[in-house]
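See structure below.
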Amino acid sequence: MKQNKNSESYIMQMGRRAGVGLHISSLPGEHGIGDIADSSVSFVDTLAAMGIGVWQFLPLGPTAYGDSPYQPLSAFAGNANLIGLNPLVRYGLLDQAELDMLAGLPRDYTDYGSLIPAKRALLFKAAERFSAMQGNGLKTEYEEFLHRYGEQWLDDYALFRVLKTAHGERPWPEWGMEFVHRRPEALEKARDEQRDAIECTRITQFLFDRQWRELKNYAADRGICMFGDIPIYIALDSADAWAHPELLQIDRDGVPGSVAGVPPDYFSEDGQLWGNPLYDWDYHHRTGYQWWIERMHHIGQQTHLVRIDHFRGFESFWSVPYGAETAKNGEWLPGPGDALFKAMRESLGNLAIVAEDLGVITPEVDELRLGQGFPGMVVLQFEVGEPDFDMDEIAENSVCYTGTHDNDTTLGWFSGNGDDTRTEKEIVQAQKRTLTVTGGTKETIHADLIRLAFSSNSMLAIAPMQDYLGLGSEARFNIPGTTMNNWRWRMPADALRPGMVDWIGEMVQDASRVPEKRWHCAS
C-alpha cells in the first residue's frame, strides 16, 4: 500500500538527521540521577556541537515498582525524580547545603532505593516553601498550570499519589474498598485530611512541567528535535486506571479479564507477559477516542516527535488470560485501526508519530502504518546478520537504529557474551555476515554499525549513547522480561571529551546528516 501523501511524516520534513538514544535518567550529574534541567541543557549543547539533531528518550511518566518508564503511574504526569534541583536553589526553594544529602549517591548508576525517598523529601520541602511564598511570577504561572490541567488529570493524579502513599505504596486494587470504588464521601474526606500533601504533589508537577518546557524550548532554539516515547498501554496501578476504569477491560474491583503481552519472539521464548489491562476499544469508539486525543495532545506539547511503543497493537493485540504465568497461550484480537488515527487527525492535525513495528508484523499492520504515513523502525542488530539483508531495501520514511534500549549494546551483541538467546553457531554466523556488510573489524564494530546506519536510506538514523561510546554488556539499559537491575546505567561525566565530540561530529558530517539551518523544531 502506498504512503498517504497528505500526511508527510515529520522525519521526512526534517531531512536527513543523526540521533542519539539516551534516557534522561542516564545523564551524568551530581544528584544521583540525570535531570531535565542543568544535566539536559548541557547535553543539548553537546548534541549541537556534534551536529546530532535528534535526542530520543524514554517515557517521562512517574515510575513505580521496578522503575520501568513503560509502567508509569500516570499517562500525563511527569517523573518527579527527573526534576533538576539546582534550579530550585536558584528559585529560592532549597538551600545548596540541603542538597548534601544526595552527595553520597553513586554517579555511575541510579540507586533508586536510596534516591527516591531522599529526593522526594527535598521536593516536598521545596513545594512547602513554594506554597508559603507570596505572590510572584512563579505563583502566577502555577495558577495557570492548575487552570490548564487541574480537572483534566492533575487533581486525580495528586489524590491518587497521596492515597497510594497512605496505603504503603500498594496498587490501588489493594486499597480500602471505599477508595477502590471511589466513594465520593471517602474521597472528599481524603482531600480534606491530605490537603497539604495533595498541594505538594500539584506543585511538584508544576515544577516538572516548567523545567520541561524550558528544556524543550532550549533544544528547539538549537535545532534539536526532542523525540519522546509512550507505551501503547497504561499500567493497572495508575491514576488513569483508578480514575477512569471505563477505559479498560477491568471490573469495579480493578481485576482484569485479560492482559497485554506479546507471543514468543526474538527477546523471549515464552513471549513477554506485560500484565497491563487491555483497552475497552468499544468504549473509546463510542466516545470518539477522546482520551487518546487528549493523550496525544499532551505528548505533543512535550515533544516534537513521538514513538508509540507496540504500534501493531492498534491493528490487533495479543490478549492473555489474566493469571497466566507466560504469554504463550494468548490470542490475537482486533484493535481500533484507522478509526483511531482518523479521530486524532481531525482534532490535532498531522501526527508526528513513529511506529514501533518490531516483532510479529503482518501485512495488515504494514497497511495500517503505511496508510497513515508513519515511519517504521529498522534495527540493524536484528537485520544485518541475516543472509537476505539488503541495505537498499530500507525505506526513506523510517528510523534506522543500531539497537534500542531493549537490545544489548552493539559490542555486547556482537560478542554474544551478554544475555543472549542465540546459539553459538548463530552468533558466529551473525558475526561473519556483519563484518562482511560493514567491512569493519570486531574491535570497531560499534562505530562500523553506526556508520552503516548513517549510510542508510532512512531519513533518521539513531544509535544509543552506549554504542557511540563503544561500551559492552555492562552498560545495557534493559533486558526485556526481567525486573531487576534495569534502567540504572548512567553515562560517565567525562565520557564526551572533546576528542569524542569531534569524532562523532565527523561521522555525522561525513554522512551528510548535519541539520539544515532552514529547518527548525516547532517549540
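Read-outs throughout are calculated quantities, based only on the coordinates presented, and are distinct from any laboratory measurement. Not measured: the values here are computed from a predicted model. Counting neighbours? That spans all protein chains shown, and the Cβs are built from the backbone with ideal geometry, glycine included.
List of remarks:
- Beta bridge orientation in the chain: antiparallel %, DSSP, nearest 5: 35
- Placed amide H near residue 399: partners under 5 Å, 5+ positions off or other chain: 376, 377, 378
- Dipole of region 319-382, positive direction: furthest Cα of 358, 320, 374, with charges on the beta-carbon: 374
- Dipole-positive endmost among 261, 330, 340 within region 199-358 (Cβ charges, Cα centre): 340
- When you filter the GluC sites (Glu not before Pro) in region 73-156 for DSSP loop state and at most 16 other Cβ atoms inside 10 Å of their Cβ, nothing is left.
- Region 378-523, dipole about Cα centre (Lys/Arg Cβ +1, Asp/Glu Cβ -1), debye to the nearest 20: 440
- Rounded to whole numbers, the Karplus 3J(HN,Hα) couplings from phi for region 150-156 are x, 6, 5, 8, 5, 4, 5 Hz, using 6.51 cos²θ - 1.76 cosθ + 1.60 with θ = phi - 60°, and x at Gly and Pro.
- Cα-derived Rg over Rh, computed across region 272-378 with Rh taken as Kirkwood radius: 0.96
- Approximate spin-label separation residue 144-residue 512, in nm, with each point projected 7 Å along Cα-to-Cβ: 4.3
- Global form of region 221-268, assessed from the alpha-carbon gyration tensor, a/c cut-off 1.5: oblate
- Translational diffusion of region 147-287, µm² s⁻¹ [Kirkwood Rh, Cα pairs; Stokes-Einstein; 4 °C; 1.567 mPa s]: 74
- For region 33-60 versus region 438-458, the spacing of their alpha-carbon centroids is 23 Å.
- Cβ-based net charge around residue 41, under 12 Å, with every Lys or Arg adding one and every Asp or Glu removing one: -3
- Estimated FRET transfer efficiency (residue 187, residue 103; beta-carbon r; R0 41 Å; 0.05): 0.55
- Options 104, 52, 33, ranked by Cα towards positive dipole end of region 1-143, top entry (Cβ charges): 52
- Shown for 46, 438: other C-beta atoms within 10 Å of each C-beta, ranked fewest to most, produce the order 46, 438.
- Shape of region 36-148, Cα gyration tensor, a/c cut at 1.5: rounded
- Packing around the peptides 13-20, 503-510, 397-404, 226-233, taken as the average count of other Cβ atoms within 10 Å per residue, puts them in this order, highest first: 397-404, 226-233, 13-20, 503-510.
- Once the Cα atoms are used to define both axes, helix 38-50 deviates from the longest principal axis of the chain by about 20 degrees.
- Taking Cβ atoms as reference points and 9 Å as the exclusive limit, the residues near residue 458 contribute a net charge of 0, counting Lys and Arg as +1 and Asp and Glu as -1.
- For residue 53, the residues whose amide H sits under 5 Å from its own are 18, ignoring neighbours fewer than 5 places away on the same chain, with H placed 1.01 Å from N.
- In terms of packing, defined here as the mean over residues of other Cβ atoms within 10 angstrom, the peptides 352-363, 109-120 line up highest first as 352-363, 109-120.
- Equivalent ellipsoid of the chain: semi-axes from √(5λ) of the C-alpha gyration tensor, largest first, are 36, 28, 23 Å.
- For the peptides 157-167, 328-338, the ranking by packing is 157-167, 328-338, with the highest mean count of neighbouring Cβ atoms within 10 Å listed first.
- Taking 0.36 nm per residue of separation and subtracting the current Cα-Cα distance, fully stretching the chain between residue 196 and residue 65 would add 44.7 nm.
- Relative to one another, the C-alpha centroids of region 81-100 and region 324-398 are positioned 42 Å apart.
- Solvent-free Debye scattering, log10 I(q)/I(0), computed from the Cα coordinates of region 362-450 at q = 0.16, 0.17 Å⁻¹: -0.69, -0.76
- Inter-label distance for residue 294 and residue 329, nm, one decimal - labels placed 7 Å from Cα along Cα-to-Cβ: 3.8
- Mean-position separation - Cα centroids, region 470-507 and region 203-277, in angstrom: 24
- Charges were assigned to the Cβ only: +1 to each Lys and Arg, -1 to each Asp and Glu. The resulting dipole of region 343-420 about its Cα centre is roughly 400 debye.
- Cα gyration tensor category, rounded, prolate or oblate, for region 379-523 with a/c compared to 1.5: oblate
- The loop-placed chymotrypsin sites (Phe, Trp or Tyr not before Pro) in region 1-88, going by DSSP, that have at most 14 neighbouring Cβ atoms within 10 Å of their Cβ come out as 65.
- Crossing angle, helix 363-372 versus the chain [Cα axis fit, 0-90 degrees, rounded to tens]: 70
- Simple Cβ-charge dipole of the chain, Lys/Arg +1 and Asp/Glu -1, about Cα centre, in debye nearest 20: 1080
- Cross-link pairs 139/342; 164/342; 328/425 - those with Cα-Cα distance over 28 Å: 139/342; 164/342
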